[in-house]
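Undergrad: Handing you this structure, nothing more for now.
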Amino acid sequence: MTGLGLLTAAGDGVAATWERVLRGEPTAVVEHDPGPVHLACRVAAFDQARIGAIRARKPDRSTELAVLAAREAVADAGWDTARWDGARVGVVVGTSSGNAHTHEVQHRALLDGGPQDMSPFAVPSTLGNSVAAQLSMDLAAKGGCLTVNTACASGATALGVALDLLRAHRCDVVVAGGTDAPLTPYYIAGLDRVRALSQRFDDPAGAPRPFDADRDGFVLAEGAGMLVLERSDDARARGARPRARLLGYGAASDAHHVAQPCPAGSGLTAAIRAALHDAQVTAGEVGYVNAHATGTPLGDRIEAAVLAELLPHRPAVSSTKAVTGHPQGAAGAIEVALTVLTVQTGTMPPNVNLDQADVGVDLDLLTRPRTGPVPLALTTSVGFGGHNAVLAVAAP
């Protein structure tokens, strides 16, 4: 992994996001619009001139976030898109809600004013492939261009697919990650109906609290994380500075329920074991885990039990969602990027709002940043429908 790009509620760019995550400063606020009163972690406004000339007409918010994150990642990797062999460059984007904002706006236009009030680009702009297609055009990437949707595991799954493309020599460079902008009336109300969202309106900063005994749900967020991946020999041959190595990928399905994780954690267990096997490492070598933990009562408890069972040596564990919120399909990619920074810098970010760990959670949960070598780390992602994706990240 030679390049990172982030645009999150925690910051505009990799450095700003990383600094706020290490400070442990939550980003959740109460919003009254759009939709019902809700908590949100929203990316700060940015100058639209940064988007510049792109092919999409009135691009969806998720596309804007992905474009800016991908450009940062490519620049960080030291690539000039005018000089690379675009036919050998792939794009893989994970998203859960897709182009939610555009879809809702155009549907309202249809209902209120009829077809003539819709944009001619309503359908092209809301198709599931549109973000990946836009990135391929923006980056002159003409290799494989794919979109994956495994709900909240989408960003991590995209990086696993990128790893497979490189190993199969179908691409020489892959720009991969996740993006989502689900802060729309439909998604806010829908997630509230399944009781997934925190109701701590009197204390928004304290609302996202992964692993805490008093957690009551997650805070919905928007954001994007994009990474540049290359084979190690190719990267070093061009004089690139590898930030970290993506050693292994594991995926498995619970095949259990449309929204609830399997109580036994069978899918996550299988995905972790698959990632370790793929990376050709043992569980005992893992020094840090960036956990999926969103702050839901059931999900955090199941994940904690799985980690305790598979990693009995108790590596350090933290969930960064108390700072970033839960950006759905972008979460896995953002957290991989943060895990890369952990491995690279030897600094492990803290859990925030962890006043008292839930009963039965037997993990080394960090409450402040910890420094020390992290030769191997795992990052876990879990999505509605029983999707599980785990990545093993190692020092370069």
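The values are calculated or read from the model by the stated rules, or taken from the named source; none is laboratory data. Model, not experiment: these values are computed from the prediction. So basically every Cβ, Gly included, is an ideal-geometry build from the backbone, and we count neighbours across all protein chains shown. Just the protein is used for accessible areas: all its heavy atoms, side chains included, with ligands, DNA and RNA removed. Shrake-Rupley method; radii C 1.70, N 1.55, O 1.52, S 1.80 Å.
Undergrad: Say whether the condition of being within 30 Å of residue 86 (Cα to Cα) and either more than 24 Å from the chain's Cα centre (by Cα) or surrounded by fewer than 20 Cβ atoms within 10 Å (Cβ to Cβ) (or both) is met by at least one residue in region 181-204. Steps first, please.
TA: Restricting attention to region 181-204, the residues satisfying the condition of being within 30 Å of residue 86 (Cα to Cα) are 181.
In the following step, the residues that additionally are either more than 24 Å from the chain's Cα centre (by Cα) or surrounded by fewer than 20 Cβ atoms within 10 Å (Cβ to Cβ) (or both) were identified as none.
No, region 181-204 contains no residue that is within 30 Å of residue 86 (Cα to Cα) and either more than 24 Å from the chain's Cα centre (by Cα) or surrounded by fewer than 20 Cβ atoms within 10 Å (Cβ to Cβ) (or both).
Undergrad: Could you say whether any residue in region 164-175 is of a type in the set (Gly, Ala, Ser) and either in contact (Cβ under 8 Å) with a residue 60 or more places away in the chain or not in a loop (DSSP other than H, G, I, E, B) (or both)?
TA: Residues of region 164-175 of a type in the set (Gly, Ala, Ser): 168.
Next, from what is left, pick out any that are either in contact (Cβ under 8 Å) with a residue 60 or more places away in the chain or not in a loop (DSSP other than H, G, I, E, B) (or both): none.
No, because not a single residue in region 164-175 is of a type in the set (Gly, Ala, Ser) and either in contact (Cβ under 8 Å) with a residue 60 or more places away in the chain or not in a loop (DSSP other than H, G, I, E, B) (or both).
Undergrad: So which residues in region 108-165 are open to solvent by 60 Å² or more (accessible area, probe 1.4 Å) and charged (D, E, K, R), if there are any at all?
TA: 108, 112, 117, 142, 164
Undergrad: Oh, and also: Which of the residues that make up region 116-141 are touching a strand residue (DSSP E or B) at 6+ places or on another chain (Cβ under 7 Å) and either at pLDDT 95 or above or of a type in the set (A, V, I, L, M) (or both)? Explain how you work it out, then say what you get.
TA: Our first condition is that a residue be touching a strand residue (DSSP E or B) at 6+ places or on another chain (Cβ under 7 Å); within region 116-141, this holds for 128-129, 131-133, 135-136, 139, 141.
The answer is 131, 132, 133, 135, 136, 139, 141.
Undergrad: Of everything in region 1-27, what is assigned to a helix (DSSP H, G or I), within 24 Å of residue 246 (Cα to Cα), in contact with a Gly (Cβ under 9 Å, 6 or more places away or on another chain) and in contact (Cβ under 8 Å) with a residue 12 or more places away in the chain? Give them in sequence order.
TA: Pass one, region 1-27, residues assigned to a helix (DSSP H, G or I): 14-23.
Those still in the list that are within 24 Å of residue 246 (Cα to Cα) too: 14-19, 21-22.
Now restrict to residues that are in contact with a Gly (Cβ under 9 Å, 6 or more places away or on another chain): 14, 17-19, 21.
Hits for region 1-27 are 14, 17, 18, 21.
Undergrad: Among (1) in contact with a Leu (Cβ under 8 Å, 6 or more places away or on another chain); (2) farther than 23 Å from residue 363 by Cα, where does residue 259 come up short?
TA: (1)
Undergrad: How many residues are closer than 20 Å to residue 336 by Cα and open to solvent by 20 Å² or more (accessible area, probe 1.4 Å) if we restrict to region 254-268?
TA: Taking region 254-268 first, the residues closer than 20 Å to residue 336 by Cα are 267-268.
Retained after the next criterion (residues that are open to solvent by 20 Å² or more (accessible area, probe 1.4 Å)): none.
Within region 254-268, residues that are closer than 20 Å to residue 336 by Cα and open to solvent by 20 Å² or more (accessible area, probe 1.4 Å) number 0.
Undergrad: Among the residues of region 161-191, what is the count of those that are closer than 13 Å to residue 36 by Cα and either of a type in the set (Gly, Ala, Ser) or touching a Leu at 6+ places or on another chain (Cβ under 9 Å) (or both)? If you could, list the steps in order and put the result at the bottom.
TA: Step one: list which residues in region 161-191 are closer than 13 Å to residue 36 by Cα, which gives 183-191.
Filter once more, so that each one left must be either of a type in the set (Gly, Ala, Ser) or touching a Leu at 6+ places or on another chain (Cβ under 9 Å) (or both): 183, 187-191.
The total comes to 6.
Undergrad: Still on this structure, please answer the following. Checking the conditions here, which among 30, 105, 93 is open to solvent by 30 Å² or more (accessible area, probe 1.4 Å), part of a strand (DSSP E or B) and either farther than 19 Å from residue 321 by Cβ or out of contact with any Asp or Glu (no Cβ under 8 Å at 6 or more places or on another chain) (or both)? Before the answer, list the steps.
TA: Details: 105 fails: part of a strand (DSSP E or B); 93 fails: open to solvent by 30 Å² or more (accessible area, probe 1.4 Å).
Result: 30 is the single residue among 30, 105, 93 that is open to solvent by 30 Å² or more (accessible area, probe 1.4 Å), part of a strand (DSSP E or B) and either farther than 19 Å from residue 321 by Cβ or out of contact with any Asp or Glu (no Cβ under 8 Å at 6 or more places or on another chain) (or both).
Undergrad: Just need a number here: residues in region 205-229 that are open to solvent by less than 10 Å² (accessible area, probe 1.4 Å) and part of a strand (DSSP E or B).
TA: 10
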